[in-house]
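Enquirer: This is the structure I want to talk about, given as structure tokens.
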Amino acid sequence: MAKEQIEVLNALDVAKTQWYHFTAIVIAGMGFFTDAYDLFCISLVTKLLGRIYYHVDGAPKPGSLPPNVAAAVNGVAFCGTLSGQLFFGWLGDKMGRKKVYGMTLMMMVICSVGSGLSFGHSAKSVMATLCFFRFWLGFGIGGDYPLSATIMSEYSNKKTRGAFIAAVFAMQGFGILAGGIFAIIISAAFNSRYTAPAYEVDPAGSTVVQADYIWRIIVMVGALPAALTYYWRMKMPETARYTALVAKNMKQAAADMSKVLQVEIQAEPQSEDPAKPKPYGLFSKEFLTRHGLHLLGTSSTWFLLDIAFYSQNLFQKDIFSAIGWIPPAKTMNAIEEVYKIARAQTLIALCSTVPGYWFTVAFIDKIGRFAIQLMGFF
């Protein structure tokens, strides 16, 4: 390996924690914040969508989304996320983290706004529009998700890498929390302005016309944190590990890191090293031998975690009524139901999800990754 490459990467590994590390946490973390907000805010408004677009005159209970529509509205973003992770992960290695990061961010901004708009006023057209834009929103989130974590890991030093990456992931908790708090504020404001009787008193009158604005505002606000972060993301230099190891531009990597680390890193002309190992691809036998077990272990445990994590955040609203955490739907008006669901989900995020994330940030470099993961799964 060339001398200047070693010097650049060594400077990153041994760098003291300084301001640019925290800047990177905030900028990369805002990606996770927006991802979580956009993915899970839909669970706050699905019952409202059912009341507005699937009301049946004379029914004993408020309208609800048909099972196939509910599955599409809740799950279509995750189909996009899977596709986006594969596509943008590949593109991030081809074009660089910074360029692709900007693409995913703008896609998230446009599709968040698009999710709150609709072509036509019928239930079918509104749901079709919502699902279309949420798929492409998920596609952008799918790219943002791995790139945020990759950028933070490539900026980190060895000593605190675990805590820094965990802090970026912890912004997911704040995204879920922000979604709940914002829904509480909006629903409380609308409920005080547009009072309505409970469904059992007046089925038609329990859902005021203005309730249609609530879900649109909630899903569209997800564009704001993404748009606000775009400028700062574009000011960040490309990660030195990508520039040095993938783009093979040692001089640029040294210049970028000299600037952010505020130390002088010399980049001497690159020399060929005959002992340098040959590169190998993702699907090669060499990769399978060296990293196959690590990839299988990490991806399978993440898969199992996500079954519980996403299921809980998407469908816990259906459990609240069953266990009596919120009153039966027929005893509330449409806006009040949004308020009660948002309050319950915010309480869970505040008391369990957020503290769990920051416990990991505090202790991951003290007790280790493996022990914390065992605790989490237990």
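Enquirer: Measure nothing fancy, just the Cα-based angle from helix 285-322's long axis to the longest principal axis of the chain, in degrees from 0 to 90, nearest 10.
Expert: So the helix axis and the longest Cα principal axis differ by about 20 degrees.
Enquirer: So, one more: Suppose R0 equals 22 Å. What FRET efficiency, 1/(1 + (r/R0)^6) with r the Cβ-Cβ distance, do Asp13 and Ser300 give to the nearest 0.05?
Expert: Numbers: r = 29 Å, r/R0 = 1.32.
With a Förster radius of 22 Å, E is 0.15.
Enquirer: Local charge sum around Trp232 (other residues, Cβ-Cβ under 15 Å, Lys/Arg +1, Asp/Glu -1)?
Expert: Residues close to Trp232 contribute a combined charge of +2.
Enquirer: So, one more: Holding the Cα-Cα limit at 21 Å, pick out from Lys98/Lys248; Lys159/Lys366; Lys99/Lys285; Lys16/Lys248 the pairs that are longer than that.
Expert: The pairs that break the limit, which is 21 Å between Cα atoms, are Lys99/Lys285; Lys16/Lys248.
Enquirer: Where Lys and Arg each count +1 and Asp and Glu each count -1, what net charge lies around Phe78 among other residues with Cβ under 13 Å from its Cβ? Before the final figure, lay out each step's value.
Expert: On the way: positive: Arg134; negative: Asp35, Asp38, Asp306.
Overall, the nearby charge balance is -2.
Enquirer: Within the chain, what whole-number % of the accessible surface is contributed by carbon and sulfur, with the 1.4 Å probe and all protein chains included in the calculation? Intermediate results must be reported in sequence, preceding the final value.
Expert: Numbers: 12990 of 18960 Å².
Accessible surface attributable to carbon and sulfur in the chain totals 69 percent.
Enquirer: Helix 223-235 sits at what angle to the longest principal axis of the chain, using alpha carbons and giving 0 to 90 degrees rounded to 10?
Expert: It is inclined by approximately 10 degrees.
Enquirer: So if we plug the beta-carbon distance of Arg193 and Trp232 into 1/(1 + (r/R0)^6) with R0 = 30 Å, what FRET efficiency do we get, rounded to 0.05? Spell out each step's value before the answer.
Expert: Details: r = 36 Å, r/R0 = 1.19.
Rounded to the nearest 0.05, the efficiency is 0.25.
Enquirer: With a 1.4 Å probe and every protein chain left in place, tell me how much accessible area Met375 has, in Å² to the nearest 10.
Expert: That residue has around 100 Å² of solvent-accessible surface.
Enquirer: Another question, if that's okay. Rg/Rh for region 132-229 to two decimals, with Rh computed the Kirkwood way over all alpha-carbon pairs.
Expert: Expressed as Rg/Rh, it is 1.16.
Enquirer: So with the 1.4 Å probe, I'd like the accessible area per residue for region 58-138, rounded to whole Å².
Expert: Value returned for region 58-138: 47 Å² of accessible area per residue.
Enquirer: With Cα Rg over 2.2 N^0.38 Å defined as stated, name the option among (i) 0.95; (ii) 1.05; (iii) 1.12 computed from the structure displayed.
Expert: Here Cα Rg over 2.2 N^0.38 Å agrees with entry (iii).
Enquirer: Here is a follow-up. Rank Leu305, Leu48, Leu350 by mean-square fluctuation in a GNM of the chain with C-alpha springs under 10 angstrom and give only the top-ranked residue.
Expert: Result for the chain, Cα springs under 10 Å: Leu305 fluctuates most.
Enquirer: Pick from Lys99, Lys235, Lys340: which is most flexible by mean-square fluctuation in a GNM of the chain where alpha carbon atoms under 10 Å apart are linked?
Expert: Lys235
Enquirer: Over the chain, with a Gaussian network built from C-alpha contacts below 10 Å, which listed residue (Ala329, Ala342, Ala167) shows the highest mean-square fluctuation?
Expert: Its mean-square fluctuation being the largest, the pick is Ala329.
Enquirer: Specify the angular offset, from 0 to 90 degrees and rounded to the nearest 10, of the alpha carbon long axis of helix 19-40 from the longest principal axis of the alpha carbons in the chain.
Expert: With rounding to tens, the tilt is 30 degrees.
Enquirer: Note down the net charge around Ser112, summing +1 for each Lys or Arg and -1 for each Asp or Glu among other residues with Cβ under 14 Å from its Cβ.
Expert: In short, -1.
The values are calculated or read from the model by the stated rules, or taken from the named source; none is laboratory data. Just so it is clear, the structure is predicted and the values come from calculations on it, not from any experiment. Here Cβ is always computed from backbone atoms with ideal geometry, including for glycine, and neighbour counts include all displayed protein chains. SASA here: full protein model, heavy atoms, side chains in, ligands and nucleic acids out. Shrake-Rupley method; radii C 1.70, N 1.55, O 1.52, S 1.80 Å.
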